[in-house]
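Everything below concerns the one structure shown next.
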Amino acid sequence: MSARRPPQTIYLPASKLREVAVSRLRACGVPSADAQFVADSLVQTSLWGIDSHGIARLPHYLRRLQAGSIESKPVMRFAATGPCTGSLDGGHGLGILVCHRAMQEAIRLAEASGVGIVGCHHSTHCGAIGLYGRAAAKAGLIGIAFTHSDAFVVPHGGNKAFLGTNPICIAVPSDEGPPVCLDMATAATTMNRVMNARRDGQPLPAGVALDRDGQPTTDAHAVAALLPMAEHKGYALAFLIDILCGPLNGMPFGPHIPPMYSGFAARRNLGSLMMALDPARFPGGRSLSAVVAQMAREARRQTRAAPGVEVLVPGDPEYRAERIRSVEGIPVEPELKKELLNTNGAKPRRSATRNNVKRSAKSAPCRIQY
């Protein structure tokens, strides 16, 4: 991994990045426990090699905390809407906290009734969607998670942004090692990767983005829209995920969502859908994690199409990256280092409606191990 990085890249230990993240979040008024939880989640994402959604997103969250569109002390309100369903008002808090709380409630419902489905609203960018599916899998459940974003991606056959990158996660427990986990965007790349490329002065791969004239581009600064993955298939997935996250939860869709990277004082009003499923309620539930482990072993042993090309299982690249980065450190580009270590940012703006409300014990984030 490190060989692919420019020579100026530095490698910082996870512990150092957690310390920096906690300090910066606390300076913006985020309570200690919440700051630690968000820092752990961002650094864990970077350890998995998902640089588009890891520690590189911290400066963005800080900017929105300072502008007031993200509440440092949100009041989250959960309402059970049935034996297996619930709704969480995230209070415009950090999306990582909102979605973890929603998945915690889904897990509780699933343990009681076999399935738990919780929609959340008034949320913000929630980082890597794989955080939430894996949380359910660590509890012995099947985790399914969706979220959406403002319009970055063109519809199949179009050339102007209409949908978000709208990711999906499905995670299943395995008897051998961490969960088997799908974590993918429905776009050919993510806008966060584009922003990282702009910051670092790097080109994009061909075939993932369009400029303002609807023409293909590899210049990150010229990008006006992204292409859907797998053409019509990615477009269709993104369309349905947007419905399940936005309109189902009373939130806007696609072009009606306030943009992530401009208008930093505007509320994002994002939604997500978190689901947990108890395998024990099905005939194969008792042996599922053992069969999943067997299936993964057999898949990895399949004949290779070419020398040096491995057959992997969903989640393998992330777990391999974690093993390497736990030893080598997490790569940090020079511009990101400046952003992370800049301590001259403005103090957070006080919200007129929420920042002075004492947070209830029920709104504390769940302590989930990855």
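Any read-out appearing in this document is the output of simple, stated calculations on the displayed coordinates, not a laboratory observation. The structure presented is a predicted model; accordingly, all values stated were derived computationally and were not measured. Note that each Cβ is placed from the backbone with ideal geometry, even for glycine, and that neighbours are counted across all protein chains shown.
For Q8 and H221, what does the FRET efficiency come to when R0 = 22 Å and r is the distance between their Cβ atoms, rounded to the nearest 0.05? Taking R0 as 22 Å, the efficiency between Q8 and H221 is 0.65. Calculated FRET efficiency, H156 and S262, Cβ-Cβ r, R0 30 Å, to nearest 0.05? Step by step, r from the Cβ atoms, then E = 0.70. Put simply, when 280-288, 245-253, 216-224, 105-113 are sorted by average Cβ atoms within 10 angstrom per residue, most first, you get 105-113, 245-253, 216-224, 280-288. Ellipsoid fit via the Cα gyration tensor, region 92-161: semi-axes of 27, 14, 10 Å, each the root of five times an eigenvalue, largest first. Rounded to the nearest 20 debye, the dipole magnitude of the chain is 1120 debye, with +1 charges on Lys and Arg beta carbons, -1 on Asp and Glu beta carbons, and the Cα centre as origin. Quick check on region 272-347: take the gyration tensor over C-alpha atoms, sort the square-rooted eigenvalues as a ≥ b ≥ c, and tell me if it's rounded (a/c under 1.5), prolate or oblate. Verdict is oblate for region 272-347.
With the simple model of a label 7 Å out from the Cα in the direction of the Cβ, A306 to S113 spans 5.0 nm. Couplings 3J(HN,Hα) of region 36-46, computed from phi: 5, 5, 5, 4, 4, 5, 5, 5, 4, 4, 5 Hz, in residue order, whole Hz [Karplus 6.51 cos²θ - 1.76 cosθ + 1.60, θ = phi - 60°; x for Gly and Pro]. Each peptide in 39-47, 96-104 gets a packing score, the mean of other Cβ atoms within 10 Å over its residues, and the list from highest to lowest is 96-104, 39-47.
Overall size of region 9-167 from C-alpha positions, given as principal axis extents largest first: 48, 45, 30 Å. Apply the Debye scattering formula to region 88-236, with a single equal point scatterer on each alpha-carbon and no solvent, then give log10 I(q)/I(0) at q = 0.08, 0.09, 0.12 Å⁻¹. These q points yield log10 I(q)/I(0) values of -0.27, -0.34, -0.58. For region 211-231 versus region 171-186, the inter-centroid distance based on Cα atoms is 30 Å. Remark: relative contact order (the chain) = 24 percent; criterion is Cα-Cα distance under 8 angstrom and separation of 6 or more residues.
Computed over the alpha-carbon pairs of the chain, the distance histogram in 20 Å steps reads 29, 61, 10, 0 percent, short to long. Working note: 222 nm ellipticity from helices only, DSSP H runs with n ≥ 4, each -39,500 (n - 2.57), summed and divided by the residues of the chain, gives -10500 deg cm²/dmol to the nearest 500.
Extending 7 Å from the Cα toward the beta-carbon at both D200 and K16 defines two label points whose distance is 1.7 nm. The mean of 1/r over all distinct Cα pairs in region 186-275, once inverted, gives the Kirkwood hydrodynamic radius of 14.4 Å.
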